[in-house]
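Below is one structure, written out as structure tokens; the observations come after it.
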Amino acid sequence: MGRVLFLLIFGGAGLAILLSLGTWQVRRLAWKEALLTEIDSRIAGATMPLPALPEPDQDKYLPVAVTGVFDPQELHVLVSIKMVGPGYRIIAPFVTDEGRRILVDRGFIPTEDKQTARVAGPMEVTGNLHWPDEIDSYTPVPDLKSNIWFARDVDAMAAELGTEPVLVIARERTDPGVAPLPVDSAGIPNDHLQYAITWFALALVWTAMTILFLWRSRARTKGRYP
């Protein structure tokens with residue numbers, strides 16, 4: 001009787017923990033989906049002037065429109081596009097009509113277009129403010145001699161090009177040869193459904209194993225199981 005009681009308590013406690021973890025992930029899934037919907041709505045919103053002092057926490061994804069000219073300098077961020085292949089993101093300084101100097105992610109070019117001159121005349125750029133989180137301990141340092149970067153490090157790029165640490169991701173073409181890569185929520189992880197399924201599956205296995213151990217214990221008590 002003591003063995004059965006122990007298995008019931010142990011099995012019940014484990015099941016409760018696993019079910020609570022699965023339920024928590026379901027709540028997190030609802031929260032994340034609401035957040036992604038909010039981000040998508042913000043990204044697609046009407047453009048507004050560039051804030052005087054953009055804040056990463058407050059102004060991330062803010063749609064803006066700026067008028068000015070591109071500086072001929074540019075940085076090349078090595079990327080690979082699915083179904084297209086390797087190439088570079090073009091990060092260029094943009095001098096606004098107000099005299100501010102900011103960064104603009106103009107979009108993607110194939111590797112063979114690295115040395116092609118880009119349009120640098122007066123224009124309006126529409127896009128979204130962004131501070132990409134692409135740096136980790138495995139990110140190589142930029143190859144400044146070859147002008148090859150391996151992540152969009154806004155602060156480092158701003159220092160290199162002498163701009164404000166402000167990056168606008170263009171959502172329309174700023175050059176015939178550069179394909180825009182507009183910011184979206186697709187890159188934001190949302191694995192809560194998989195986690196919930198995993199916890200609930202473990203709860204099912206835990207229940208089955210608890211029932212098996214109870215049956216074995218009962219059978220052993222009655223002498224029907226060695």
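The values are calculated or read from the model by the stated rules, or taken from the named source; none is laboratory data. This structure is a prediction, so every number in the text was calculated from the model and none was measured. Neighbour counts run over all protein chains shown; Cβ positions are idealised from the backbone, glycine included. Accessible surface areas use protein heavy atoms only, side chains included; no ligands, DNA or RNA. Shrake-Rupley method; radii C 1.70, N 1.55, O 1.52, S 1.80 Å.
Of all residues in the stretch 80-100 being in contact with a strand residue (DSSP E or B) (Cβ under 9 Å, 6 or more places away or on another chain) and open to solvent by 60 Å² or more (accessible area, probe 1.4 Å), which is modelled with the lowest pLDDT?
Restricting to residues being in contact with a strand residue (DSSP E or B) (Cβ under 9 Å, 6 or more places away or on another chain) and open to solvent by 60 Å² or more (accessible area, probe 1.4 Å), the top hit is Val84.
Has the stretch 79-86 got any residue that is in contact with a Leu (Cβ under 9 Å, 6 or more places away or on another chain) and outside any strand (DSSP E or B)? Let's see the steps before the verdict.
First, pick out the residues of the stretch 79-86 that are in contact with a Leu (Cβ under 9 Å, 6 or more places away or on another chain): 79, 81, 86.
From what is left, the residues that are outside any strand (DSSP E or B) are none.
No - not one qualifying residue is present in the stretch 79-86.
Give just the number: which of (1) open to solvent by less than 60 Å² (accessible area, probe 1.4 Å); (2) under 30 Å from Ala201 (Cα atoms) does Phe10 not satisfy?
It fails just one condition, (1).
With Leu21, Leu75, Leu50, Leu103 as the choices, which residue is assigned by the TED database to the domain that holds Ala196 and in contact (Cβ under 8 Å) with a residue 24 or more places away in the chain? So that I can check it myself, show each step before the final result.
Details: Leu75 fails: assigned by the TED database to the domain that holds Ala196; Leu50 fails: assigned by the TED database to the domain that holds Ala196; Leu103 fails: assigned by the TED database to the domain that holds Ala196.
Only one candidate passes the filter, namely Leu21.
Condition check ((1) over 19 Å from Lys60 (Cα atoms); (2) touching an Asp or Glu at 6+ places or on another chain (Cβ under 6 Å)) across all residues:
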{"position": "Arg101", "(1), (2)": "no, no"}
{"position": "Gly107", "(1), (2)": "no, no"}
{"position": "Gln115", "(1), (2)": "yes, no"}
{"position": "Arg118", "(1), (2)": "yes, yes"}
{"position": "His130", "(1), (2)": "no, no"}
{"position": "Asp143", "(1), (2)": "yes, no"}
{"position": "Arg152", "(1), (2)": "no, yes"}
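Scan the stretch 157-191 for residues that are buried (at least 17 other Cβ atoms within 10 Å of the Cβ), acidic (Asp, Glu) and outside the structural domain of Tyr88 (by the TED database) and report the count.
Residues flagged as buried (at least 17 other Cβ atoms within 10 Å of the Cβ), acidic (Asp, Glu) and outside the structural domain of Tyr88 (by the TED database) within the stretch 157-191 amount to 1.
Could we say that Tyr138 is open to solvent by 20 Å² or more (accessible area, probe 1.4 Å), within 26 Å of Leu35 (Cβ to Cβ) and either hydroxyl-bearing (Ser, Thr, Tyr) or touching a helix residue (DSSP H, G or I) at 6+ places or on another chain (Cβ under 6 Å) (or both) here?
Details: open to solvent by 20 Å² or more (accessible area, probe 1.4 Å): yes; within 26 Å of Leu35 (Cβ to Cβ): no; either hydroxyl-bearing (Ser, Thr, Tyr) or touching a helix residue (DSSP H, G or I) at 6+ places or on another chain (Cβ under 6 Å) (or both): yes.
Judged against the criteria, Tyr138 is not a match.
So, in the stretch 40-78, how many residues would count as being open to solvent by less than 40 Å² (accessible area, probe 1.4 Å) and part of a helix (DSSP H, G or I)?
Filtering the stretch 40-78 down to residues open to solvent by less than 40 Å² (accessible area, probe 1.4 Å) leaves 43, 45, 50-51, 54, 59, 61-66, 68, 70-71, 74-77.
Right, trim to part of a helix (DSSP H, G or I) and you get 43, 59.
Total satisfying the criteria: 2.
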